[in-house]
Amino acid sequence: MALLINIGMLIVGAFQILAFIEGVHIWLGWGTWAGVGLFVVAYVFQPFGSLLTIPLVYYGARHGWDWAWWQAAIFAAPALILSLIGLAISGGVAILARRSY
């Protein structure tokens, strides 16, 4: 099972790189190799470099591949989306569990 999860993550990561390059090409007007270079530079400076990739992956998936906005958002930043959902659920539970005295 772990092997399938790792293969799936590898495939999604490869498509995120392609969406990033597409986003660089459409948004900034740069070529493929400039996009690859920017991707490498962004991932050298972790964790802040990955924040640079999120808008470009979103833009490439949304406008380059004509995906819906919510599909592109989930594809570009799945951990961020899942964290916000978890935060909303735990906050809702905390609010509902609060007792008035």
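Every read-out reported here was derived from the displayed coordinates using simple, explicitly stated rules and does not represent laboratory data. Bear in mind the structure is a predicted one, so any value in this text is a computation, not a measurement. All Cβ positions, even for glycine, are placed from backbone atoms using ideal geometry, and neighbour counts span all protein chains on display.
For region 24-62, chymotrypsin sites (Phe, Trp or Tyr not before Pro) meeting the loop criterion (DSSP other than H, G, I, E, B) and having at most 12 other Cβ atoms within 10 Å: F45.
Extension gain, L52 to S83: 0.36 nm times the residue separation minus the Cα-Cα distance gives 9.3 nm. Largest GNM mean-square fluctuation across G64, G29, G91, computed for the chain with C-alpha springs under 10 Å, falls on G91. Long hydrophobic helices in the chain: the complete DSSP H runs spanning 27 Å or more by Cα along their own axis with mean Kyte-Doolittle hydropathy of at least 0.0 are 2-23, 78-97.
Full extension of the chain segment joining W27 with F15 gains 2.5 nm, where the gain is 0.36 nm per residue of separation less the Cα-Cα distance.
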